[in-house]
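The values are calculated or read from the model by the stated rules, or taken from the named source; none is laboratory data. As the structure is a computational prediction, the values presented were derived from the model and not from experiment. Positions of Cβ are generated from backbone atoms using ideal geometry, with glycine treated the same way; all protein chains shown enter the neighbour counts.
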Amino acid sequence: MSVTLPQIPAALDLIGTAVFALTGAVLASRLRQTFVTMAFFALITGVGGGSVRDLLIGAPVFWVRDPWVAPVCMAVALLAWFTPHKWWEGRLLDWADAAGLAAYAVLGTAKALAFGIAPVPAVLMGVITGCVGGVIRDVLAGRPSIIMRPEIYVTAAALAAGLCAAGAWLGLPREIAWSAAMLGGFSLRGYAIATGLALPGYQRAGG
Amino acid sequence: MSVTLPQIPAALDLIGTAVFALTGAVLASRLRQTFVTMAFFALITGVGGGSVRDLLIGAPVFWVRDPWVAPVCMAVALLAWFTPHKWWEGRLLDWADAAGLAAYAVLGTAKALAFGIAPVPAVLMGVITGCVGGVIRDVLAGRPSIIMRPEIYVTAAALAAGLCAAGAWLGLPREIAWSAAMLGGFSLRGYAIATGLALPGYQRAGG
Amino acid sequence: MSVTLPQIPAALDLIGTAVFALTGAVLASRLRQTFVTMAFFALITGVGGGSVRDLLIGAPVFWVRDPWVAPVCMAVALLAWFTPHKWWEGRLLDWADAAGLAAYAVLGTAKALAFGIAPVPAVLMGVITGCVGGVIRDVLAGRPSIIMRPEIYVTAAALAAGLCAAGAWLGLPREIAWSAAMLGGFSLRGYAIATGLALPGYQRAGG
């Protein structure tokens, strides 16, 4: 339980948290919410997925033990409060979110593997790290969560997480495996953003 | 914290997970969701209740440390995807769910007692094990959860969990106590399925 | 991880749990729910916030390890079931809830600090302790959660938690710091109840 991940790039991690926190804050501003709600949405979207992952794998919850993550989320909320939300909506945020999604899915999978979790649950931990913050944000806002939408989102997280686990299983050097996995997930999500690609729904004959 | 439950029948546990996972996958197919959503619903319904229980009692989360549970949930999602959902809806699934509910309520209570939890919280852990996966599934799907419906569901889980705790308190042999508790919960739930039995709502005079 | 909080007033804690549990039970009665739903709402509202806090800071979950908390929640549900809910609605419950909110925010922050959590996350733990039970209650009931309403609620919890952390940082005696923090949070929430004070929503030009 005292496993450490010495080389997880702390700055990358903080940037990922900030991007996710921004998506939460921007949703709150679109809903004309108060600053307190905005801060809460920034926090829960930024750290929700990693918190669930850490609880499930038995790791200390990362942001509770870190003095910087929570202040960064609060700073993001302040930024969103004092700027027009049009600055942040649209394609730029979508692309930043795609990068955060791919990075988190890979880092979440790698952390689970480092804690001795078997490959299939480890991939699921990666997906949870990338997606669950947004799911909680959407449930609290009372809108259909990303889980329920056909766009390629969870699928891109699953691809990144799966590539990361495959790389570890093949014994590839971490730098290569992680980079390839992040690139794969980011590319798939980016392709979906650019083209509107979506998965087909269930429509079994007689279904 | 290193308590083990040597005799919890692992096969029974996997079957219960699979049945619950199927109820999640079938709901996703009814909502015409994609395969990824279906897999997510299968997982969360199958393992949600046990995960919350394990977190609350301080046990390692069962499916994260087990190489089989998550693959079984994924296999259930594949099965649901490639078959007409009419195969799975209706009475057969209701009865299988009733069996899973009773079994999980008993196993959850027994695990909590084995971790030294007092009887009342242990019974609540059994109820949580049986019901919370379905609650999370319903909240994510945006429909009223089983908690909010008058049908005898949570009540049947509470009966099974309470009988299990009573049997332990009376010092009955585990085989007998568990069997009686599962039978009691399953019978009550089955009676409700067969007759539409429901609890009365609050309607206090002046209320 | 084996930190103890010898002087947290256990009676105060139980009273706070009971007040929150009552708000959950009263909501269930207003929705004409069954007794089982009422008991579930009482439990989740009474212990939800403290449970999430304990999981996040790595403490044993308080009510699972305590033989009294869960029975108190069940007793509150019985009380609510056998009395007209008009007895409990309205101003009296609002004021009791305000007291519970302030007390929980302070106790939650103090517990987090005692576990070695840094000030900013510790304040967030206080807010979570005070508010998350109500958030889960509202999500399960399918109504907009307190997080989404402009009234001063989360803000009052944040004030109480912030004052508690500030007092600890200044080295004030705990009795003084806690009392001042609870009084501050309670006063702000009380002022909002009495006057309808609410925070402004986001309405940036061009937003």
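Filter the range C:76-107 down to the residues that are in contact with a Gly (Cβ under 6 Å, 6 or more places away or on another chain) and more than 23 Å from C:F40 (Cβ to Cβ) and list them by number.
Once the filter is applied, which keeps residues that are in contact with a Gly (Cβ under 6 Å, 6 or more places away or on another chain) and more than 23 Å from C:F40 (Cβ to Cβ), the range C:76-107 yields C:A98, C:A102, C:A103, C:A105.
Of all the numbered requirements in (1) more than 27 Å from C:S29 (Cα to Cα); (2) of a type in the set (A, V, I, L, M); (3) touching a residue at least 40 places away in the same chain (Cβ under 8 Å), C:A118 misses one, and that requirement is (3).
Could you tell me which residue of the range A:1-22 is modelled with the lowest pLDDT, considering only residues that are assigned to a helix (DSSP H, G or I) and either of a type in the set (V, I, T) or touching a strand residue (DSSP E or B) at 6+ places or on another chain (Cβ under 6 Å) (or both)? So the residue we want is A:I15.
Taking first residues from the range C:174-194 that are farther than 16 Å from C:G130 by Cα and partners that are of a type in the set (K, R), the Cβ contacts under 9 Å between residues at least 6 apart in sequence or on separate chains come to C:I193/C:R91. Considering every residue within the range C:33-43, establish whether at least one is in contact with a Phe, Trp or Tyr (Cβ under 6 Å, 6 or more places away or on another chain), more than 8 Å from chain B (Cβ to nearest Cβ) and within 21 Å of C:L12 (Cα to Cα). Within the range C:33-43 (the criterion being in contact with a Phe, Trp or Tyr (Cβ under 6 Å, 6 or more places away or on another chain), more than 8 Å from chain B (Cβ to nearest Cβ) and within 21 Å of C:L12 (Cα to Cα)), the answer is no, since none of the residues qualifies. Just one of the listed residues (A:L199, A:L159, A:L163) is out of contact with any Leu (no Cβ under 6 Å at 6 or more places or on another chain) and more than 20 Å from B:A25 (Cα to Cα), and it is A:L163. Of the residues examined, B:T155 is not one that is hydroxyl-bearing (S, T, Y), surrounded by 17 or more Cβ atoms within 10 Å (Cβ to Cβ) and over 16 Å from C:F35 (Cα atoms). Among all residues of the range C:76-87, there is at least one that is free of Cβ contacts under 8 Å to residues at least 24 places away in the same chain, within 14 Å of chain B (Cβ to nearest Cβ) and among the charged types (D, E, K, R). Only residues that are within 14 Å of C:A165 (Cα to Cα) and surrounded by fewer than 24 Cβ atoms within 10 Å (Cβ to Cβ) were counted across the range C:99-114, and they come to 3.
Conditions (1) modelled with pLDDT of 95 or more; (2) within 20 Å of C:D13 (Cα to Cα), marked per residue:
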{"site": "C:K111", "(1), (2)": "no, yes"}
{"site": "C:G116", "(1), (2)": "no, no"}
{"site": "C:A122", "(1), (2)": "yes, yes"}
{"site": "C:G126", "(1), (2)": "yes, yes"}
{"site": "C:G130", "(1), (2)": "no, yes"}
{"site": "C:V135", "(1), (2)": "no, yes"}
{"site": "C:L140", "(1), (2)": "no, no"}
{"site": "C:I146", "(1), (2)": "no, no"}
{"site": "C:G162", "(1), (2)": "yes, yes"}
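Here C:S51 clears all of (1) within 28 Å of C:P173 (Cβ to Cβ); (2) within 8 Å of chain B (Cβ to nearest Cβ); (3) polar (S, T, N, Q) except the condition numbered (1). Evaluated against (1) more than 10 Å from every other protein chain (Cβ to nearest Cβ); (2) within 27 Å of B:T34 (Cβ to Cβ); (3) part of a loop (DSSP other than H, G, I, E, B), B:L172 falls short on exactly one condition, (2).
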